[in-house]
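**Q** Attaching a single structure in structure tokens format; questions to follow.
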Amino acid sequence: MSFELIGILVLWAFLFGYVIVASIDFGAGFYNAYSVLTNRSDVLSGIIKRYLSPVWEVTNVFLVFFFVGIVGFFPQTAYYYGTVLLVPVSIALVLLAVRGAYYAFESYGRGTGHKGYATAYGVAGLLIPASLSVVFTISEGGFVEMVGGVPQLSFRALFTSPLTWSIVILSIVAVLYISAVFLTWYADKAGDEKASNLMRKYALIWSAPLALSAFGIIIEFRGHNPFRFERIVDVWWLFIISAVLFLITTYLLWMKRRYGTAIILLFTQFAFAFFAYGISHYPYLLYPYLTIHDSFTNHEMAIALIIAFILGAALLIPSLYLLFKLFVFNKDYVKGIHDEHV
């Protein structure tokens with residue numbers, strides 16, 4: 001296996017980790033805001049805040065690893081994407097700052113359930129994946145032109161493209177669906193039947209839009225870039241596996257059975273779809289200008305980065321394991337028993 005392939009696999013794995021963890025985080029913030037605005041905070045807020053409290057600060061670790069790695073392994077991405085992504089990434093960074101500030105205000109300020117703070121936190125959580133998802137659209141080609149050797153993004157083409165809005169819609173719907181399924185299991189683990197049933201209802205509501213938006217993107221690829229559509233068709237069997245797992249997950253939710261299994265199937269479903277998309281995109285980082293082969297760093301730097309990522313993962317994974325074991329998967333913490341002793 002070449003260094004280029006190892007590098008992109010490592011980065012794609014970290015990006016997938018961010019997509020899953022951030023989706024749960026962002027969706028939970030939205031559902032918390034929705035429960036506050038609809039006066040259902042007594043049902044959901046306790047469960048959601050017990051999840052968010054220890055997790056929200058570590059979500060972006062995966063994203064930091066990815067950005068450091070993409071520039072380290074493929075330095076030319078900084079040149080091609082640096083100017084192109086200035087606006088969408090800047091918006092995402094501002095939203096991350098706003099989200100973190102308002103979470104601190106709501107969690108550590110006076111009183112609880114402040115509607116303004118909760119709404120800002122929840123809305124920012126949906127706008128962040130929407131703004132970051134634009135990167136996937138741009139990478140598909142047709143939106144960047146080389147003017148005097150400098151890449152220029154056509155905002156008009158980007159924001160009038162059906163593919164752009166299809167990907168934005170999918171990113172938002174996926175966040176809401178992933179989070180709802182996870183919180184269904186989390187509330188069930190806490191023995192909170194009301195919260196579990198409500199989140200199960202939301203998960204089932206978002207399941208149909210998720211399927212439709214995913215299918216719609218494939219249709220949009222056919223019109224936007226026939227070459228990319230053919231590459232997606234080449235890995236159709238991976239997407240079929242993902243679809244089957246999605247149906248099984250939805251069935252378990254519908255039957256109110258084995259939520260733990262549903263969570264495993266959920267993560268596996270998105271893993272198949274995410275890596276199938278990555279395989280279909282190989283070897284391009286920015287179609288048709290940039291591939292992983294002509295932008296790769298030297299071998300000495302590649303080895304150093306691989307070692308650094310291995311050491312980073314060796315530190316990150318046990319830390320996350322302890323975090324989840326002590327808080328997210330701790331029966332007393334999930335049930336809020338710790339609150340009784342505060």
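The values are calculated or read from the model by the stated rules, or taken from the named source; none is laboratory data. This one's a predicted model, so the numbers in the text were calculated from it and none came from an experiment. Note: ideal-geometry Cβ built from the backbone for every residue, glycine included; neighbour counts use all protein chains shown.
**Q** Quick one: would you say A78 is surrounded by 16 or more Cβ atoms within 10 Å (Cβ to Cβ), modelled with pLDDT of 85 or more and small (G, A, S)?
**A** Taking the combined requirement at face value, the residue does not satisfy it.
**Q** Can you confirm whether region 174-181 contains a residue that is of a type in the set (S, T, Y), in contact with a Phe, Trp or Tyr (Cβ under 7 Å, 6 or more places away or on another chain) and surrounded by fewer than 22 Cβ atoms within 10 Å (Cβ to Cβ)?
**A** no
**Q** Right, another one. Can you report the number of residues in region 177-202 which are farther than 14 Å from I20 by Cβ and aliphatic (A, V, I, L, M)?
**A** Counting residues in region 177-202 that are farther than 14 Å from I20 by Cβ and aliphatic (A, V, I, L, M) gives 5.
**Q** Across region 288-300, which residue is farthest from R228 (Cα to Cα) among those that are in contact with a Phe, Trp or Tyr (Cβ under 8 Å, 6 or more places away or on another chain) and touching a residue at least 12 places away in the same chain (Cβ under 8 Å)?
**A** Looking at residues that are in contact with a Phe, Trp or Tyr (Cβ under 8 Å, 6 or more places away or on another chain) and touching a residue at least 12 places away in the same chain (Cβ under 8 Å), I get H299.
**Q** Scanning for something touching a residue at least 12 places away in the same chain (Cβ under 8 Å), in contact with a helix residue (DSSP H, G or I) (Cβ under 8 Å, 6 or more places away or on another chain), over 13 Å from A28 (Cα atoms) and surrounded by 22 or more Cβ atoms within 10 Å (Cβ to Cβ), does region 149-158 turn up at least one residue?
**A** No.
**Q** What pairs come out if I take residues in region 191-210 that are over 15 Å from T249 (Cα atoms) and pair them with residues that are polar (S, T, N, Q) and surrounded by 14 or more Cβ atoms within 10 Å (Cβ to Cβ) whose C-beta lies under 7 Å away, six or more apart or interchain?
**A** S196/T184
**Q** So, restricting to helices (runs of 4 or more DSSP H) that lie completely within region 1-93, which ones have at least 1 residues that are touching a Ser or Thr at 6+ places or on another chain (Cβ under 6 Å) and of a type in the set (V, I, T)?
**A** Output list reads 3-37, 61-73.
**Q** Yes or no: S295 at pLDDT below 95, crowded, with 17+ Cβ neighbours inside 10 Å and within 22 Å of the chain's Cα centre (by Cα)?
**A** When the stated conditions are applied, S295 does not pass them.
**Q** While we're looking at this one, here's another question. Taking the condition of being over 11 Å from L44 (Cα atoms) and either at pLDDT 90 or above or touching a His at 6+ places or on another chain (Cβ under 9 Å) (or both), how many residues in region 187-201 meet it?
**A** 2
**Q** Mind listing whichever residues of region 115-168 are outside any helix (DSSP H, G or I), of a type in the set (S, T, Y) and within 21 Å of the chain's Cα centre (by Cα)?
**A** Correct list: S133 only.
**Q** Turning to a different aspect of this structure: Is there a residue in region 48-71 that is in contact (Cβ under 8 Å) with a residue 12 or more places away in the chain, among the small types (G, A, S) and under 30 Å from I292 (Cα atoms)?
**A** Checked region 48-71: at least one residue is in contact (Cβ under 8 Å) with a residue 12 or more places away in the chain, among the small types (G, A, S) and under 30 Å from I292 (Cα atoms).
**Q** When the residues of region 219-258 are narrowed to those that are closer than 23 Å to G142 by Cα and of a type in the set (A, V, I, L, M, F, W, C), which ends up farthest from the chain's Cα centre (by Cα)?
**A** F227
**Q** Can you pull out every residue in region 83-99 that is surrounded by fewer than 16 Cβ atoms within 10 Å (Cβ to Cβ) and not hydrophobic (A, V, I, L, M, F, W, C)?
**A** T83, S90
**Q** Okay, moving on. Report whether or not L204 is modelled with pLDDT of 95 or more and either buried (at least 18 other Cβ atoms within 10 Å of the Cβ) or assigned to a helix (DSSP H, G or I) (or both).
**A** For L204, the condition - modelled with pLDDT of 95 or more and either buried (at least 18 other Cβ atoms within 10 Å of the Cβ) or assigned to a helix (DSSP H, G or I) (or both) - is met.
**Q** Of all the residues that make up region 127-138, how many are buried (at least 19 other Cβ atoms within 10 Å of the Cβ) and touching a residue at least 40 places away in the same chain (Cβ under 8 Å)?
**A** Residues that pass the stated criteria total 7.
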